[in-house]
1. Of all beta bridges DSSP finds with both residues in the chain, what is the antiparallel percent, to the nearest 5?
2. Explain nothing, just the number: dipole magnitude of the chain about its Cα centre with +1 on each Lys and Arg Cβ and -1 on each Asp and Glu Cβ, in debye rounded to the nearest 20.
3. Top mean-square fluctuation among R428, R267, R410, Gaussian network model of the chain, C-alpha springs under 10 Å?
4. What's the Cα-based Rg to Rh of the stretch 1-141, Rh via Kirkwood?
5. FRET efficiency for A369 and E225, Cβ-Cβ distance as r, R0 = 45 Å, nearest 0.05?
6. Rounded to two decimals, what is Rg over Rh for the chain when you use alpha-carbon atoms and the Kirkwood radius?
7. For E114 and Q346, calculate 0.36 nm times their separation in residues minus their Cα-Cα distance, and state this gained length in nm to one decimal.
8. Excluding same-chain pairs closer than 8 in sequence, count the lysine pairs in the chain whose Cα atoms lie under 27 Å apart.
Amino acid sequence: MGPGVLTGPFPRRDGVLHGGSHRLDALAEEFGTPLYVYDLDAVEGAYRRLLDAFAGVPLDVAYSVKANGALAVLHRLASLGAGADIVSEGELFRALRAGIPAHRIVFAGVAKSEAEMEAALRAGIRAFNVESAGELERLDGVAERLGVVAPFAVRVNPDVLSPTPHEYTRTGHASTKFGVGPDEALELYARARARPTLKAVGVDAHIGSQIREVEPFVQALARLETVVHGLRAQGEALEFLDMGGGFGVAYEPGVEPSDHGGTLDLRTLARELGPRVRALGLRLILEPGRSIVGEAGVMLTRVEIVKRSGDKVFVVVDGGMTELIRPSHYGGYHHIEPVVARPDPQGPVVVDVVGPICETGDFLARDRALALPRPGDLLAVRTAGAYGFTMASNYNARRRPAEAAVSGDRVELIRARESLDDLIRGERMPFDDLATPPS
Ligand SMILES: Cc1ncc(COP(=O)(O)O)c(C=O)c1O
């Protein structure tokens, strides 16, 4: 596959990859590498495509902040009317700061702390997606102490095995830690009915991430319908059905971006789910993350060293698992191509693209055919807008990278590269008086 095969954001023009109207090599020059670049127009495009696909269905989108929590990204989505799916007080803080109203926020996660529940209740979020009896009790206690009513949905584990590329991204089968089975869900709703501090407002599920087939969602919906009918029979008034996120995007060349089929077809999904949700008389909440931001981001990284070891060729770049952990954590594939194309008379060479971090598991690609780059060359790691920066770490005392955003002919740094002082913020060196003086 040659460079520029994937269509969509970050096209190649005159041999150079662009973000909006900007050359990506110019952005790397200006802001340094490794660098994340997001195309906010592409974020908006993906959001609008989801709305279009579900036209006619009473839909509320709660964008999943964990995929990319950059304030600039959240702010663009807020301006389009998006809500948020959050999993921590930190994500609540980010979402509110970016302008997402509390009444559009749903709070997931298997063990929200009392402090987190309190912060979300005080903010007035739309619903807690509760994942166990223990959590429901805890929510009851916090709401009672605050003298408020907590809106909640139970996260139902529909016991559907989602065909995701990696087992770590499957969350909808019974042997995962997520949610409770349909029978236990009905018990939890019944228990809550006796509590004036708890108000059931919906039924929730999320079956995994990077799912490219419609069928698992349809199977999950069947289980959720049973729960909704059971609750209705008990006189429960519900407002929404939350089907979570997980809609797959294109990572590999030859697989077209999500709006052209070849990966999860949102229109088919809407055709399958829409009428059934309407028949239930509920609003549909979706919690997409990756499908909104994945293709709208690239990570730019510069080649430091090219070395041979045994029969391998290593292209060592300045960004690795601390900036983008998906390849080493999930075996995630990212298409990698030169930012500036140049003639390649020798043809592609099979290389490992690795980072500078002291781990054998530190790689961006293995056994990948690439035009052999030279030190100083700039590479673009595609489809890095989701679960890229949000999973970045300071391991090896590395400073987390900068993030920039483009929109049409505008470009802005949206997060500065961390400084050395950022690395030691909050640290202290106590107990000097206990130290044995050097002899
Ligand atoms: C509860 C919940 N909702 C939504 C998402 C978003 O998934 P995705 O980014 O695949 O759309 C996740 C991610 O795992 C999740 O845990």
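None of the figures in this text is laboratory data; all of them are computed from the coordinates on show. Fair warning: this is a prediction, and the values are worked out from it, not measured in the lab. Heads up, the Cβs are rebuilt from the backbone with ideal geometry, glycines too, and the neighbour counts pull from every protein chain shown.
1. Of those bridges, close to 50 percent are antiparallel.
2. That gives the chain a dipole magnitude of about 500 debye.
3. Among R428, R267, R410, the largest GNM mean-square fluctuation belongs to R428.
4. Rounded to two decimals, Rg over Rh is 1.09.
5. That gives a FRET efficiency of 0.45.
6. On the way: Rg = 23.3 Å, Rh = 23.1 Å.
Rg/Rh for the chain comes to 1.01.
7. Details: separation 232, 0.36 × 232 = 83.52 nm, distance 6.10 nm.
Extra length from E114 to Q346 when fully extended: 77.4 nm.
8. Numbers: K66/K112; K66/K177; K66/K199; K112/K177; K112/K199; K177/K199.
Step by step, the pairs that qualify in the chain add up to 6.
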